[in-house]
Amino acid sequence: MLMNLAFYGPILVLALALFALAVRILREYERGVIFTLGRFTGVKGPGLILMIPVVQQMVRVDQRMAVFDVPSQDVISRDNVSVKVNAVIYFRVIDPERAVIQVENFRQATSELAQTTLRSVLGKHDLDEMLSERDKLNNDIQEILDSQTDAWGIKVANVEIKHIDLNEGMVRVIARQAEAERERRAKVIHAEGEEQAAQMLLNAARTLSQQPEAMQLRYLSTLAMIGTQNNSTIVFPFPTELGQILRNLAAKGEA
């Protein structure tokens, strides 16, 4: 009995050890890329999988959405303004086989590519475009990254530019520019108002000149409005028709 136990005991322990090495459990969001004697033989998971110890190796791949913060990058805009820009990208592995085989470290590769693409895309735009068309820039960067990482089995879902930092001197310049722009708009609006008022006065004068009685009614309306304001002095306008009559009488007297 003891001889049998001494003989089969090590075999049993070795079998249990090999079984423990053969069993792998993958979570719902994980996939296992299997290599047999160094050659790719498939993707397994999730759940319980069995492997041949020593002969087979497995690389775990997380397929959840990953968030990567792109470090602050020094960017020179098309109008030669130096700014610091940082962004955040959202990506996930959609093909574990290519993510493991085609690139050594897909996270680092995606990070480096994101930094390069951020500098390249923003360098083609003016500072005003960076500040006002951020959504368009996000879409452009996302499309470029997604097309280049497709060969690695990576899907870039979204890119968001977080901050565009300017030095204090440029901030003051932009503030002065904004102030000058507001003053320009105020002057233009004031000039347009004067032009419209002059045009309306001209139209009113033409309307009143068509009927002499209309001018008299306007005089009376003005007197009525002045009388409601409790004024002690009333200025009565001299009728233009009366002036014309007096001039005609004077001309006849001289004749």
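The values are calculated or read from the model by the stated rules, or taken from the named source; none is laboratory data. What you see is a predicted model, and the numbers here were worked out from it, not measured in a lab. With ideal geometry, Cβ positions are generated from the backbone for all residues, glycine too; neighbour counts draw on all protein chains shown. Note: areas computed on protein heavy atoms with side chains; ligands, DNA, RNA excluded. Shrake-Rupley method; radii C 1.70, N 1.55, O 1.52, S 1.80 Å.
When F19, F68 are compared by accessible area of protein heavy atoms, the largest-first order is F19, F68, using a 1.4 Å probe. Counting only protein heavy atoms and using a 1.4 Å probe, the accessible area of Y29 comes to about 70 Å².
The string of couplings for region 12-26 from the Karplus curve (6.51, -1.76, 1.60, θ = phi - 60°) is 5, 5, 5, 5, 5, 5, 5, 5, 5, 6, 7, 8, 9, 10, 10 Hz, one whole number per residue in order, with x for Gly and Pro. Overall, the accessible surface of region 16-62 at a probe of 1.4 angstrom is composed of carbon and sulfur to the extent of 65 percent. For the residues V54, V100, V33, a 1.4 Å probe over the protein chains yields an accessible-area ranking, largest first, of V54, V100, V33. Partner lysines whose Cα lies under 17 Å from the Cα of K124, excluding those fewer than 8 positions away in the same chain, are identified as K84, K136. Here region 16-62 is treated with +1 on each Lys and Arg Cβ and -1 on each Asp and Glu Cβ, and its dipole about the Cα centre works out to around 100 debye.
Pairwise inverse Cα distances across region 16-62, averaged and inverted, put the Kirkwood hydrodynamic radius at 10.7 Å.
Evaluated with a Cβ-only charge set (Lys, Arg +1; Asp, Glu -1), region 65-166 carries a dipole of roughly 200 debye about its Cα centre, given to the nearest 20. Listed values for region 49-61 are Karplus-derived 3J(HN,Hα) couplings in whole Hz (6.51 cos²θ - 1.76 cosθ + 1.60, θ = phi - 60°), namely 10, 10, 10, 8, x, 6, 6, 10, 10, 10, 10, 7, 10, and x replaces Gly and Pro. Over all projection directions, the Cα-based convex hull of region 83-219 averages an area of 14.6 nm².
The packing ranking, built from the mean of other Cβ atoms within 10 Å per residue, places the peptides 104-111, 148-155, 20-27, 162-169 in the order 148-155, 104-111, 20-27, 162-169, highest first.
The listed residues E133, E28, E143, once ranked by accessible area (1.4 Å probe) with the largest placed first, stand as E28, E143, E133. The equivalent ellipsoid of region 1-111 has semi-axes of 48, 14, 12 Å, largest first, where each one is the square root of 5 times an eigenvalue of the Cα gyration tensor. Taking packing as the residue-averaged number of other Cβ atoms within 10 angstrom, the listed peptides 177-185, 115-123 run from highest to lowest as 115-123, 177-185. Across region 169-210, Cα-Cα pairs more than 17 Å apart make up 54 percent of the total. A probe of 1.4 angstrom, applied to the heavy atoms of all protein chains, finds D126 with accessible area near 40 square angstrom.
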